[in-house]
1. Less than 12 Å Cβ to Cβ from SER282, Lys/Arg counted +1 and Asp/Glu -1: what total charge do the surrounding residues give?
2. Tell me which aspartates and glutamates have Cα within less than 15 Å of LYS31's Cα, excluding those fewer than 8 residues away on the same chain?
3. With viscosity set to 1.306 mPa s at 10 °C, what whole-number translational diffusion coefficient in µm²/s follows for the chain from Stokes-Einstein and a Kirkwood radius over Cα pairs?
4. Check cross-link reach from LYS62 to the aspartates and glutamates: straight Cα distance under 16 Å, and skip same-chain residues fewer than eight apart.
5. Need one number: convex hull volume per residue for the range 71-224, Cα atoms only, in Å³.
6. For the range 1-110, what ratio Rg/Rh do Cα atoms give with a Kirkwood hydrodynamic radius?
7. How long, wide and thick is the range 224-316, going by the Cα atoms along their three principal axes, in whole angstroms, largest first?
8. Please work out the Cα center distance from the range 159-223 to the range 19-41, rounded to the nearest Å.
Amino acid sequence: MSATPITQTQMLLELEPVVEENLNRHIKVAKEWFPHEYVPWSDGRNFDGILGGDAWAVEDSKVSDVARSALIVNLLTEDNLPSYHHEIAVLFGRDAAWGDWVHRWTAEEGRHAIAIRDYLLTTRAVDPIQLERLRMDHMATGYVSSHSQDLVRSLAYVSFQELATRVSHRNTGKLTNDPVADQLLTRVAADENLHMIFYRNLLAAALEVSPNETMVAINDVVQTFQMPGSDIAGFQRKAVEMAIAGVYDIRQHRDEVVMPVLRFWKIFELEGLNAEGEKARSELADFMDGLEKQALKFEDKRDALQARIAARAAAR
Ligand SMILES: [Fe+2]
Ligand SMILES: [Fe+2]
């Protein structure tokens with residue numbers, strides 16, 4: 001291992017065989033699926049406007065307000081795929097195994113928005129006009145990763161982000177209380193899990209190639225992690241409601257997303273780090289302790305809130 005930091009181009013080349021191996025693995029385990037099979041088409045009917053059907057009304061929607069928010073946030077996040085594609089196509093390139101992965105991943109992700117939108121419009125779960133305006137607004141803003149142009153940080157980010165998206169889809173499915181939505185979102189979540197595995201394996205290889213720089217990158221990414229939809233208009237308020245409803249909260253973020261990935265990389269057992277690598281690791285450990293405290297505080301607050309709501313309902 002050289003003492004001088006390796007360049008991004010060297011890292012891309014070092015990881016190329018790992019990309020190829022993991023792409024082949026991915027293609028073997030990823031099952032083909034068809035979005036149209038997951039949509040209850042016969043529940044649908046025309047909307048007002050050109051076809052003179054019925055305008056959407058909130059009573060049409062069988063899901064709760066918070067489930068509706070979660071479905072919208074998850075769909076808008078998927079909708080921004082052209083921006084994500086741009087980010088990774090520029091960073092990974094479009095050649096050889098890297099390019100094959102960029103295109104394959106984009107095709108798989110494209111299915112997510114198609115399937116979720118078809119479900120939402122067919123079942124009238126959300127206001128179609130509001131949804132389209134939000135989509136225009138969100139996509140027109142575009143998405144720029146805060147780790148743009150940085151290969152190792154981007155690989156670390158997507159390892160966590162794909163898993164976070166998996167958790168969010170899974171729990172949104174449960175929250176809808178609709179077995180059809182749950183089945184669809186479980187299917188989408190399974191894709192996100194395979195994406196996570198792909199990126200997690202690549203980052204594991206980067207840790208072998210360049211352990212200290214990769215450790216520094218992981219520490220940065222964990223400390224600054226934001227969900228990909230965090231720039232959706234009104235996201236913060238929706239995120240709080242979704243956290244309280246158990247779609248994605250700080251406990252899940254810590255225990256179901258960040259920790260399992262760190263453990264897979266054996267972050268806290270790695271040996272032979274230099275001073276910079278050790279410093280990053282100990283900052284990361286402190287940060288994870290801080291997250292634990294925040295998670296406990298959040299759980300206390302949520303329990304108290306739920307107790308108040310239950311008491312109010314009982315008094316009625
Ligand atoms: Fe997705
Ligand atoms: Fe994904």
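Here, each number is a calculation from the coordinates, and none is a lab measurement. Please read these numbers as outputs of a predicted model, since none were measured by experiment. In this analysis, Cβ positions are derived from the backbone assuming ideal geometry, glycine residues included, and neighbour counts consider all displayed protein chains.
1. Numbers: positive: LYS279, ARG281; negative: GLU276, GLU278, GLU283, ASP286, ASP289.
Once all neighbours under 12 Å are counted, the net charge is -3.
2. The qualifying aspartates and glutamates are GLU108, GLU109, ASP191, GLU192.
3. Details: Rh = 21.1 Å.
The calculation lands on 75 µm²/s.
4. Output for LYS62: ASP43, ASP118, ASP127, ASP178, ASP182.
5. Working: hull volume 16.4 nm³, N = 154.
Considering the Cα atoms of the range 71-224, their hull volume per residue is 106 Å³.
6. Details: Rg = 21.2 Å, Rh = 18.2 Å.
So for the range 1-110, dividing Rg by the Kirkwood Rh gives 1.17.
7. Between the extreme Cα coordinates on each principal axis of the range 224-316 lie 63, 28, 19 Å.
8. Comparing the Cα centres of the range 159-223 and the range 19-41, I get a distance of 16 Å.
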